[in-house]
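Here is the structure we will look at, set down as C-alpha cells.
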Amino acid sequence: MEAREVINIPALSWDNSLPEQEARRKSDSLKKNAASYILRYEQAKAVLASVSRTRDSLQSIYAQSMARVRAVQQLANRRSSSFQQLKELAADPVLKANGIKLVPGKYQWLMGIRKFSAGRSPLNYSELTAKNISIKGVNFEYNTWFYAAVAAGVLDYRFRDFVIRPQGRPKQYFLLTRLGIGQVEKNFLIASFYKGNKQVFTSGAAGNLYSLNIAGISLEGRYQFNKNIYVQAEIAESRAPDFRFLPLKNTSWNLKDKTDKAFAVGLHFRSLKLQTNLDASYKYTGANFQSFSSFQTNSSLKTWNVKLEQFAFRKQLKLTATARSNEFSNPYIVQTYKSNLLFKSVQASFRKKGWPVLTAGFLPVSQLTNVNGVIMENRFNTAMGSMYHMYKLGKMKTASTVMYSRFYNSTADSSFLYFDAKNIFVTQQFFLDRFNSTVAITHSRNRNYTLSVMDGNLDIPVLRALNLLVGVKISNLNNQVVKNGHYGGLRFPVYKKLQLSMSYEVGYIPGFGGTLISNNTGIMQLSKSF
C-alpha cells in the first residue's frame with residue numbers, strides 16, 4: 001500500500017527543500033523503487049498461489065493413497081467389511097496403474113462368487129421365495145453384470161422349527177434357481193423358480209402333518225434412486241393343493257386366481273444431513289400362496305414393518321424405534337397373540353470417546369416353552385439398561401459393566417420361572433500382562449425366588465498361541481440352596497491357520513420347587529482362516 005501511494009501521490013515523493021532538478025531525480029528514484037517492489041510482490045503472490053494449489057492437490061492425493069493403504073491392510077488382515085468393498089478395491093484404477101493386482105487375471109472370475117457352501121447353510125434370498133430357513137445341501141450365488149443362484153437339498157428339521165425333534169417327520173426337499181441382470185447392491189431384476197416338498201399343518205386335520213409338493217415363480221427388482229434411497233419389490237405366484245376343498249384339490253397355473261398370488265415392497269431411505277435411516281416394508285400373501293418364506297393356510301396374510309434410526313450429537317447418540325404387525329410364521333407353535341397386535345420397541349445408545357457406553361431399551365421378547373411335546377410361544381415386554389466403561393487403574397487396563405433388566409410378564413401368560421423379575425448384572429475385568437481376570441455378580445428377584453450367582457475366571461496364555469480359561473460359579477437360591485459349579489476352556493492352533501476350541505460348564509439353574517437343577521454343557525469347535 002505504501003509503494004502504491006508513492007506512485008499515485010506526488011507529494012509523498014517530492015522534497016520541497018531541494019532544488020527542482022534534484023527533487024525530480026529523487027522523486028523518480030523513489031517511484032522506480034516502489035514499482036520494482038510492487039512487481040516483486042505480485043510475482044511472490046503468484047508463486048504462493050501456485051504452491052498452495054499444489055499443496056491442496058498433494059493433500060488430496062495423500063488422503064486417497066492412505067485410504068487405499070488402509071483398505072489393502074484390512075484386506076491383508078481379513079477385515080474387509082463387505083464383498084462390494086473388495087470388488088471396488090480390486091477395480092481401483094490407481095492400483096492397476098501401479099501394477100498392483102489383488103487378484104491375478106486368471107482368477108478374476110472368482111470375484112463374482114458371492115456364496116458357495118456344501119453342507120448346512122442358511123438361506124435368505126427374498127421375501128416370497130426362501131428366507132430364514134436352513135438347508136442341508138448346496139448353495140451357490142454368483143453376481144457380476146448378471147446374476148445366477150442355485151440352492152438344492154433337504155430343509156433342516158421342519159420348516160423354521162429348530163426346537164422339535166424330527167423323528168417321524170417326512171423330509172422336506174427344496175430346489176431354487178435364480179437368474180437375472182444387475183448387481184444386488186444396486187439395480188437388478190431377478191426371476192426365481194422354486195420347487196419342493198413342504199410340511200403343512202391344517203386346521204381341518206389337527207394333529208396330522210401333510211407333506212405337499214409346491215412350486216412357484218417370482219420376479220424381484222430393485223431401483224436405486226441414489227446411493228441413499230432405493231425401492232425393492234417382488235411379485236410371485238405359487239402352485240399348491242387348495243386347502244379350501246376336502247379332499248385337497250390340485251391347482252394349476254392360473255393368472256386370474258388371486259389366492260395363489262403374493263407381492264412385497266420395501267423402501268430404504270437415508271439422509272446424511274438429517275442423520276436419519278428409515279426402512280419400511282409391506283407384504284401380502286393370498287390364502288393359497290405357498291413358499292419357503294411364509295407359512296399359512298386358508299387365510300391371506302398382510303404384514304408391515306417400519307424401522308427408524310436417528311443419530312445426534314455427531315453420531316454419538318443413536319435412537320432406534322420399530323413397529324411391526326403380527327406375522328404367523330410357524331403354525332406348529334401355539335401362539336398367544338392376536339392378528340391385530342403391534343410389536344413395538346425403542347432403543348437408545350450413547351458412545352463418546354473416553355466416556356462410558358450407555359444403552360437403554362424397551363422391547364418385546366419371544367419365549368418358547370415345550371409342554372409335553374407342544375411348543376407354546378409367549379410374548380412380553382422387557383426394559384433394559386447397561387453401562388460399559390474401559391479405563392485404567394494406574395498402568396492396568398480394566399473394564400466395568402453394569403446391566404439392569406426387568407421382565408413385564410406374569411404366571412398367567414408365561415410358564416417362565418423368571419416372570420416379572422428384576423435382574424442386575426455387574427462384572428469387572430482386569431487386563432494384565434500375564435493373564436486376564438473377570439469377576440461377576442448376578443442378582444435376580446421376583447416374588448417367588450431370589451437368585452444370586454458369583455462368577456470368577458482367569459484367562460491365561462500358557463504358550464504363545466495357547467489360551468487356557470478356568471472359572472468357578474457359586475449359585476445361591478433363596479438364601480437356602482447353595483451349589484458350586486465350574487467351567488473351563490482351551491484354545492490352540494492345530495495346523496497353520498486351523499484352530500481348535502473346547503469349552504465346558506458344570507452349572508446350575510433354578511427349577512420349580514425351590515431347587516437348583518444341574519445344567520451341564522460342552523462345546524468343541526474347529527475353525528480355519530483362509
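The values are calculated or read from the model by the stated rules, or taken from the named source; none is laboratory data. Only a predicted model underlies this, so the values are computations on that prediction, with no experimental measurement involved. In this analysis, Cβ positions are derived from the backbone assuming ideal geometry, glycine residues included, and neighbour counts consider all displayed protein chains.
Can you find, within segment 431-473, the residue that is modelled with the highest pLDDT among those that are charged (D, E, K, R) and touching a Phe, Trp or Tyr at 6+ places or on another chain (Cβ under 8 Å)? Among them, the one singled out is LYS473.
From the residues in segment 471-511 that are under 17 Å from VAL453 (Cα atoms) and not in a strand (DSSP E or B), which one is nearest to the chain's Cα centre (by Cα)? Out of the qualifying residues, it is ASN478.
Taking the listed residues SER57, SER65, SER36, SER50, the one that is assigned to a helix (DSSP H, G or I), over 30 Å from VAL6 (Cα atoms) and at pLDDT 85 or above is SER57, with no other qualifying. Condition check: of a type outside the set (S, T, N, Q), crowded, with 17+ Cβ neighbours inside 10 Å, within 30 Å of the chain's Cα centre (by Cα) and more than 30 Å from GLN525 (Cα to Cα). Does TYR404 satisfy that? Criteria not met by TYR404. Could you tell me which residue of segment 341-372 is farthest from GLY385 (Cα to Cα), considering only residues that are among the aromatic types (Phe, Trp, Tyr) and at pLDDT 85 or above? Of everything passing the filter in segment 341-372, TRP355 is farthest from GLY385 (Cα to Cα). A single member of VAL472, VAL462 is among the aliphatic types (A, V, I, L, M) and under 24 Å from ASN519 (Cα atoms), and it is VAL472. Scanning segment 250-293 for residues that are within 21 Å of the chain's Cα centre (by Cα) and over 18 Å from GLU234 (Cα atoms) yields PHE269, ARG270, SER271, LEU272, GLN275, THR276, ASN277, LEU278. Applying the condition of being of a type in the set (Gly, Ala, Ser) and surrounded by 11 or more Cβ atoms within 10 Å (Cβ to Cβ) to segment 15-66 and asking which residue is nearest to the chain's Cα centre (by Cα) yields SER65.
Kindly indicate whether any position in segment 202-216 is modelled with pLDDT of 80 or more, touching an Asp or Glu at 6+ places or on another chain (Cβ under 8 Å), over 16 Å from LYS131 (Cα atoms) and not charged (D, E, K, R). Scanning segment 202-216, I find no residue that is modelled with pLDDT of 80 or more, touching an Asp or Glu at 6+ places or on another chain (Cβ under 8 Å), over 16 Å from LYS131 (Cα atoms) and not charged (D, E, K, R), so the answer is no. Just one of (1) more than 22 Å from GLU234 (Cα to Cα); (2) at pLDDT 85 or above; (3) more than 22 Å from the chain's Cα centre (by Cα); (4) exposed (fewer than 14 other Cβ atoms within 10 Å of the Cβ) trips up GLY137, so point out which. Result: GLY137 passes all but (4). Got at least one residue in segment 462-470 being over 31 Å from the mean Cα position of the chain (by Cα), assigned to a strand (DSSP E or B) and surrounded by fewer than 16 Cβ atoms within 10 Å (Cβ to Cβ)? Yes - at least one qualifying residue is present in segment 462-470.
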